[in-house]
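See structure below.
Only the coordinates and a few stated rules stand behind these numbers; no lab work does. Computed from a predicted structure; not experimentally measured. When we count neighbours, we look across all protein chains shown, and the Cβ atoms used for this are built from the backbone with ideal geometry, even at glycine.
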Ligand SMILES: [Zn+2]
Ligand SMILES: [Zn+2]
């Protein structure tokens, strides 16, 4: 497997003298397998130069584009990707389902005449669109496993397994919890990760020969960027080390970070990896960086991968019950979920919630922890003990982000644990991921 970076910048293209070393183009990575299959991870502005490079090769061009999500910095290179303009080329464009519109509609939206002179229907290449859920897929002899990330949009991380090797691409992603490790264990393995989401994230990297991870911020910047959907380098290094990964490329560099700043991040990330006592090769990816991955025979994901995508699409109009004593939180959550097509009912306390669950049996419950008459953990305990609600997805919604509360929630059977304040797209994406896993 051969990897080449064509865009390493996050958020917006950042050309200029300050970004010559690490590059100013937004996310785009080319992966070529030994049998010649071509995968393109994201179509940020770096895709323009990749397209030109592909055109110099022998036609026709066939490639699978794997979009993490459809935020601008991951799709803006698509209209400028030259192979789309040549008849006979075959492109399969994949991305997460559930952005409100179909993948084709989203990509054609940025090519309407208001924004671009050529509409998507006018592209002569053969283009197939495929919306993916979490799960395992086969493309061109490679196994591609998708898993949801934590970002204020439906976003997929990808694991490409081919040639007895594995590559994992994780952009854009924010830690699920600020409490990362069990304080009592002292160890830094996957079992010591507090939040189930972060543990699932680390396990997804297990045995990978190379992990490409979002590291937009420093640990100092991260608190002021909460809910923006990105990681700091300590999180990326910590998760990769817990998963036993030996090679890590940090990417999605912040537009405000010039070359000197990114170089400093590289030094600090390497020092942090060394402080963990773990032999991990860490680098900040730059445009033009090429990495050859030799087969090592242990590339397949060890834990059982999720079911295929067809079984994991979320049908519209799920019934969701929001339980919170704070009317503002109920209103915000309701807005987020109604926008996403769900039917939402509300309860201000535990007794009211249990009565509603009796009469309505919702598809998912959003549950506050601290409520005056009966706290959320008690309700969770009751629900898990009843056969009809034992498996109901329950998303805990709480201001308590400490290790003890987070662990208590998961021990009692919470499906997910979301901390307040949350944003509307973030909550919608978390709920959608929980529903998809439950389908
Ligand atoms: Zn991005
Ligand atoms: Zn994004």
Exercise. Roughly how many nanometres apart are two label points built 7 Å out from the Cα toward the Cβ at residue 261 and residue 290?
Worked result: 3.1
Exercise. If you average the sequence gap of Cα pairs under 8 Å that are 6 or more apart and divide by the length of the chain, what percent do you get for the contact order?
Worked result: 15
Problem set entry | Helix 424-438 vs. the chain, principal-axis angle (Cα, 0 to 90°, nearest 10) | 80
Problem set entry | Sorted by Cβ neighbour density within 10 Å, fewest at the top, the residues 432, 57 | 57, 432
For this session: Please find, in a Gaussian network model of the chain (springs between Cα atoms separated by less than 10 Å), the residue of 336, 390, 242 whose mean-square fluctuation is greatest.
Result: 390
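Taking square-rooted eigenvalues a ≥ b ≥ c of the alpha carbon gyration tensor, is the stretch 17-116 rounded, prolate or oblate, where a/c under 1.5 means rounded and, failing that, a/b exceeding b/c means prolate?
Since a/c stays below 1.5, the shape of the stretch 17-116 is classed as rounded.
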Seminar exercise, completed: Here the residues of the stretch 24-38 lying in the modelled label zone of residue 126, meaning backbone nitrogen under 18 Å from a point 7 Å along Cα-to-Cβ, are 37-38
Exercise. If all Cα-Cα distances of the chain are sorted into 10 Å bins from 0 onward, what percent lands in each bin, rounded to whole numbers?
Worked result: 4, 21, 31, 25, 14, 4, 0, 0
Problem set entry | Between 0 and 90°, nearest 10: helix 350-360 axis offset from the chain longest Cα axis | 70
Problem set entry | C-alpha center-to-center spacing [the stretch 219-237, the stretch 341-408] in angstrom | 29
Seminar exercise, completed: Exposure-ranked with fewest Cβ neighbours within 10 Å first, 8, 45, 206 stand as 206, 45, 8
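Helix-derived [θ] at 222 nm for the chain: sum -39500 (n - 2.57) over DSSP H runs of at least 4, divide by residue count, nearest 500?
Rounded to the nearest 500, it is -7500 deg cm²/dmol.
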Exercise. So, in Å, what gap is there between the alpha-carbon centers of the stretch 25-86 and the stretch 190-210?
Worked result: 28
Problem set entry | Virtual paramagnetic centre 7 Å along Cα→Cβ of residue 420, amide N under 13 Å, in the stretch 318-345 | 323-334
Exercise. By counting other Cβ atoms within 10 Å of each Cβ, how are 12, 40, 265 ranked from fewest to most?
Worked result: 12, 265, 40
For this session: Name the residue, out of 220, 290, 131, whose mean-square fluctuation peaks in a Gaussian network model built on the chain with Cα pairs under 10 Å.
Result: 220
Problem set entry | Modelled label reach - residue 115, point 7 Å along Cα→Cβ, the stretch 400-437 residues with backbone N closer than 19 Å | 425
Seminar exercise, completed: When the chain is treated as a Gaussian network with springs between alpha carbons less than 10 Å apart, the largest mean-square fluctuation among 44, 413, 95 is found at 413
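Of all beta bridges DSSP finds with both residues in the chain, what is the antiparallel percent, to the nearest 5?
40
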For this session: Pull out a ≥ b ≥ c, the square roots of the eigenvalues of the alpha-carbon gyration tensor of the stretch 164-239, then state rounded if a/c is under 1.5, prolate if not and a/b is larger than b/c, and oblate in the remaining case.
Result: oblate
Seminar exercise, completed: Each label sits 7 Å from Cα toward the beta-carbon; between residue 370 and residue 335 the label points are separated, in nm, by 2.3
